[in-house]
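Notes for the one structure printed next.
The values are calculated or read from the model by the stated rules, or taken from the named source; none is laboratory data. From a predicted model like this one, the values you see are computed outputs, not experimental measurements. Note that we place each Cβ from the backbone using ideal geometry, even for glycine, and neighbour counts take in every protein chain shown. These accessible areas exclude ligands, DNA and RNA; they are computed on the full protein's heavy atoms, side chains included. Shrake-Rupley method; radii C 1.70, N 1.55, O 1.52, S 1.80 Å.
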Amino acid sequence: VRAALAQAWGGPDCVAVVDVAEPVVQPGQVLVGVEAAALNYPDLLLVANRYQISVEAPFVVGSEFAGRVIEVSDDVVQFRPGDRVAGATMVGAFAERVVVGADQLDPVPDGLDWASAAGFGVAYRTAYHALVSFGRIRAGSNVIVLGAGGGVGAASVDLAVLMGARVIAVTSTADRADFLRDRGAHVIVDRTEPELARRLKQAAPGGAALVVDPVGGSAAEAALRALEWGGEFVVVGFASGEIPRIPLNLPLIKGARISGFELRTLAQHRPDLVAAADRALSELVRRGLRPAIGAVHDLDHVATALEELQRGEAIGKTIIRIGEEGRALR
Ligand SMILES: NC(=O)c1ccc[n+]([C@@H]2O[C@H](COP(=O)([O-])OP(=O)(O)OC[C@H]3O[C@@H](n4cnc5c(N)ncnc54)[C@H](OP(=O)(O)O)[C@@H]3O)[C@@H](O)[C@H]2O)c1
């Protein structure tokens with residue numbers, strides 16, 4: 001089985017495509033032939049051994065995929081060989097075959113292409129929980145999305161637009177600004193120019209009701225300062241590489257609520273929120289919502305794809321085409 005193996009902890013150059021042993025199905029598990037997989041920022045963190053959880057190298061990289069069921073263990077009743085499925089796992093997805101627990105898989109609806117199926121789950125679930133479960137988004141209010149050109153950011157822009165908010169997308173390049181305008185963002189703010197806090201206040205007259213922050217660093221405090229009284233700030237991640245230290249007088253003065261969550265552990269603590277989000281997102285997919293797909297790479301080029309993600313160059317979701325059906329993707 002061809003797979004992108006992190007041979008040691010480090011940068012994307014530690015990842016090479018090699019032959020590995022076929023994964024074996026254990027009780028409760030399903031073997032999937034991967035058609036397409038999607039990159040997520042935590043893939044980089046796991047390879048660098050900077051994630052919340054450490055995975056001993058060597059390991060097969062990749063946390064999100066879609067493909068066809070090849071084999072199920074005897075105790076699995078909800079899937080059969082040939083079923084189209086999408087799933088999330090910690091590692092193992094950038095490979096021709098992956099084994100995961102049946103509870104980590106969802107059926108892929110007819111009509112959903114492999115790239116969309118692979119790239120939807122993590123970004124849109126995260127965005128939904130940030131906006132709705134924690135952010136309590138309101139139609140007509142100002143919503144600031146940091147890292148708007150990235151996977152979670154672009155999904156947050158999509159959903160916030162669908163939910164009727166006035167979306168202020170914070171991003172870095174003209175290409176990304178065009179991409180975000182096309183997806184319906186109302187105002188674009190360039191994070192690379194000085195005085196971000198002042199420009200965000202200008203972009204959100206009266207203040208923002210909600211900030212979605214997958215970036216951290218200095219942009220976090222700038223966005224918090226642009227909140228209206230009683231606003232919500234949702235901590236999603238730290239793609240800037242810097243965990244911000246926020247002066248606590250800011251939420252005091254603003255009556256603001258700062259919250260955060262981890263998709264990985266949310267089902268343990270709030271299965272109700274996870275079930276409600278999955279129901280709402282399935283309905284949006286049925287009505288035509290599709291993830292923004294940026295670059296599509298072959299399995300042999302996983303290291304290049306990870307480098308682009310690391311440099312913050314990937315727009316929307318980066319897809320790895322793997323199986324015969326997935327290889328037809330452009
Ligand atoms: N809490 C959760 O459950 C959860 C779930 C999924 C992901 N996450 C976290 O959310 C963050 C974003 O994930 P993602 O998959 O959306 O990543 P991504 O696709 O790489 O997007 C990150 C975006 O952040 C922006 N950015 C700002 N400063 C940056 C810098 N110094 N270097 C790189 N990018 C920078 C860039 O967008 P612009 O150029 O448009 O500003 C970039 O595209 C990660 O920290 C990830 O671990 C958390």
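List of remarks:
- Output for segment 43-59, where each listed residue is open to solvent by less than 20 Å² (accessible area, probe 1.4 Å) and of a type in the set (A, V, I, L, M): 44, 46, 47
- Selection count, segment 60-72, where residues are open to solvent by less than 10 Å² (accessible area, probe 1.4 Å) and either without any contact (Cβ under 8 Å) to a residue 60 or more places away in the chain or in a strand (DSSP E or B) (or both): 5
- Inclusion of residue 264 among residues that are of a type outside the set (Asp, Glu) and over 23 Å from residue 213 (Cβ atoms) is not warranted.
- Residue list for segment 1-33, restricted to those being touching a helix residue (DSSP H, G or I) at 6+ places or on another chain (Cβ under 8 Å) and assigned to a loop (DSSP other than H, G, I, E, B): 7, 8, 9, 10, 11, 28
- Looking only at segment 202-238, and only at residues there that are near the ligand (Cβ under 10 Å from one of its atoms) and assigned to a loop (DSSP other than H, G, I, E, B), the one that is most open to solvent (accessible area, probe 1.4 Å): 238
- Unique match (being closer than 15 Å to residue 64 by Cβ and in contact (Cβ under 8 Å) with a residue 12 or more places away in the chain) among 316, 312: 316
- Among the criteria (1) within 14 Å of the ligand (Cβ to nearest atom); (2) open to solvent by less than 10 Å² (accessible area, probe 1.4 Å), the one residue 134 does not fulfil is (2).
- Tally, over segment 244-273, of residues that are under 19 Å from residue 137 (Cβ atoms) and free of Cβ contacts under 8 Å to residues at least 12 places away in the same chain: 1
- Considered as a group, the residues in segment 168-183 that are surrounded by fewer than 24 Cβ atoms within 10 Å (Cβ to Cβ) and not charged (D, E, K, R) include one that is nearest to the ligand (Cβ to nearest atom), and that residue is 172.
- Between 78, 52, the distinction of being away from the ligand (no atom under 16 Å from the Cβ), assigned to a loop (DSSP other than H, G, I, E, B) and not hydrophobic (A, V, I, L, M, F, W, C) belongs to 78 only.
- Total residues in segment 74-88, condition open to solvent by 30 Å² or more (accessible area, probe 1.4 Å) and in contact (Cβ under 8 Å) with a residue 12 or more places away in the chain: 8
- Flag for residue 278 being away from the ligand (no atom under 16 Å from the Cβ) and either open to solvent by less than 50 Å² (accessible area, probe 1.4 Å) or under 26 Å from residue 109 (Cβ atoms) (or both): no
- Residue within segment 240-252 that is on the phi < 0 side of the Ramachandran plot, outside any helix (DSSP H, G or I), of a type in the set (Gly, Ala, Ser) and open to solvent by less than 40 Å² (accessible area, probe 1.4 Å) present: no
- Of the listed requirements (1) outside any helix (DSSP H, G or I); (2) at pLDDT 95 or above; (3) more than 12 Å from the ligand (Cβ to nearest atom); (4) in contact with a strand residue (DSSP E or B) (Cβ under 9 Å, 6 or more places away or on another chain), residue 115 misses just one: (1).
- Selected residue (criterion: most open to solvent (accessible area, probe 1.4 Å)) from residues of segment 293-330 that are within 16 Å of the ligand (Cβ to nearest atom), part of a helix (DSSP H, G or I) and acidic (Asp, Glu): 307
- Residue list for segment 261-275, restricted to those being within 11 Å of the ligand (Cβ to nearest atom) and open to solvent by 40 Å² or more (accessible area, probe 1.4 Å): 262, 263, 264
- Restricting attention to segment 186-199 and to residues that are within 27 Å of residue 45 (Cβ to Cβ) and outside any loop (DSSP other than H, G, I, E, B), the residue that is most open to solvent (accessible area, probe 1.4 Å) turns out to be 190.
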